[in-house]
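J.: Sharing a structure, written as structure tokens. Questions coming.
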Amino acid sequence: MNNLLLEVENGVALLTINRPKSLNALNSETLAEINSCLMDLEKNEDVKVVILTGSGEKSFVAGADISEMVNATAAEGRVMGLLAREAFSRFENMPQVTIAAVNGFALGGGCEIAMSCDIRVASENAKFAQPECGLGILPGFGGTQRLARLVNKGRAKEMIFTCDMISADEACRIGLVNHVVPQAELIDYCKAMAGRIMKNAPLGIALAKQAINTGYDADLDTGLKLEANLFGLSFATADKKEGMTAFLEKRKEKNFIGK
Ligand code: DAK
């Protein structure tokens, strides 16, 4: 991999976009690498949480690579769009939990890739924007859809129409990020959260993720039916037996096996 760093330790995969000279901008090669890396990770039962970050202290991801886009043809743009769509959907739908550790600029595609993760934690210096309309385009990696769902329609329109950059605190206030922490603590904070997640049953989490994602865009009745079906499925797992037995035996330690 030319543009990514991957470190897997104690059930956590730390995936770093590593193009510091262009503030970790996403080009097609990087998007293809993210896809193939996530394809491997989603099959890796030892990995329970994926943390996505950018290299350096200045930028998470400064958007799509403008130097690649400037002369791209419509066909090349389409390929880039498809690669991004696939990669972003993988973060959103893989069975493991995905956390974006936003360590600086999250602009355009950077904000959009963070939004495709389950949880966002920002460092105090992080900045968020959707600057596409200033470049003569519009957000095209899901920004018009995920931002409006995460914050609300009015806030999303304001960010997209003005291209204003907002601070980490403001992003937290409007619900775009879950927590803001000092930069030096960002990765440890995310790893500690991963630790709390990993104490729980991986299949329960994967099914809950599926219920939330699929139910969110459906009507309540459909979502509740889906939840009931997935809930039923969880009763077929060894982890349900273990979790409940541990409670009855007043055991703190549980041996979840993800089956
Ligand atoms: N692409 C390429 N290079 C970038 C870049 C980017 N997005 N952002 C920064 N760089 C490069 C700069 O060109 C500079 O390179 P050198 O001049 O050193 O060679 C280096 O990173 C450092 O940047 P600056 O010198 O500009 O650093 P500053 O601290 O002054 O400013 C900044 C930092 C992040 C505010 C500024 O660099 C900036 O505004 N960057 C651009 C942000 C942006 O507009 N990003 C793109 C958003 S548009 C698609 C769907 C969606 C998209 C694309 C396609 N399809 C469906 C096909 C998504 C589009 C976007 O993300």
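J.: Using r as the Cβ-Cβ distance of Leu6 and Lys259, and R0 as 22 Å, what FRET efficiency do you calculate, to the nearest 0.05?
T.: Once rounded, the FRET efficiency stands at 0.30.
J.: Follow-up. Which distance in Å, rounded to a whole number, links the C-alpha centroids of the stretch 108-140 and the stretch 1-51?
T.: If you average the Cα positions of each part, the centres end up 18 Å apart.
J.: Further question on the same structure: When 1/r is averaged over all different Cα pairs and the result inverted, which Kirkwood radius in Å belongs to the chain?
T.: Its Kirkwood hydrodynamic radius stands at 19.1 Å.
J.: Counting only helical runs of four or more DSSP H residues, what would the 222 nm mean residue ellipticity of the chain come to if each run contributes -39,500 (n - 2.57) and the total is spread over all its residues?
T.: -15000 deg cm²/dmol
J.: Positive end of the dipole of the stretch 158-259, charges at C-beta (+1 Lys, Arg; -1 Asp, Glu), about the Cα centre: which of Ala192, Leu248, Thr162 has its Cα farthest in that direction?
T.: After comparing all options, I get Leu248.
J.: Right, another one. Roughly what % antiparallel, to the nearest 5, for the DSSP beta bridges in the stretch 1-152?
T.: Taking every DSSP beta bridge with both residues in the stretch 1-152, the antiparallel ones total about 25 percent.
J.: Choose one of Asn152, Ile212, Val47: the residue whose Cα lies farthest towards the positive end of the charge dipole of the chain (beta-carbon charges +1 Lys, Arg; -1 Asp, Glu; about the Cα centre).
T.: Ile212
J.: Below 8 Å between Cα atoms, with a sequence gap of 6+, how large is the relative contact order for the stretch 136-180 in percent?
T.: Computed over the stretch 136-180, the figure is 31 percent.
J.: List the lysines whose Cα lies under 17 Å from the Cα of Lys199, skipping any in the same chain that are fewer than 8 positions away.
T.: Lys48, Lys191, Lys209, Lys240, Lys241, Lys250, Lys252, Lys254, Lys259
J.: A further question follows. Just the projected area, averaged over all directions, of the convex hull on the alpha carbon atoms of the stretch 1-132: how many nm²?
T.: Projected area, direction-averaged: 7.4 nm².
J.: Right, next: Need one number: % antiparallel among DSSP beta bridges in the chain, to the nearest 5.
T.: The answer is about 25 percent antiparallel.
J.: Tell me which trypsin sites (Lys or Arg not before Pro) from the stretch 196-243 have a DSSP coil assignment and no more than 12 other beta carbons within 10 Å of their own.
T.: Sites meeting the loop and neighbour criteria: Lys199.
J.: Rounded to the nearest 20 Debye, what is the dipole magnitude of the chain about its Cα centre when Lys and Arg each give +1 and Asp and Glu each give -1 at the C-beta?
T.: 660
J.: A follow-up question, please. Rg and Dmax in Å for the stretch 54-132, alpha carbons only: what are they?
T.: So, for the stretch 54-132, Rg and Dmax equal 13.2, 39 Å respectively.
Since every read-out is calculated from the coordinates, none of them should be taken as a lab result. Quantities reported herein were computed from a predicted structural model and do not represent experimental measurements. For neighbour counting, all protein chains shown are included, and Cβ atoms are generated from backbone atoms with ideal geometry for every residue, glycine included.
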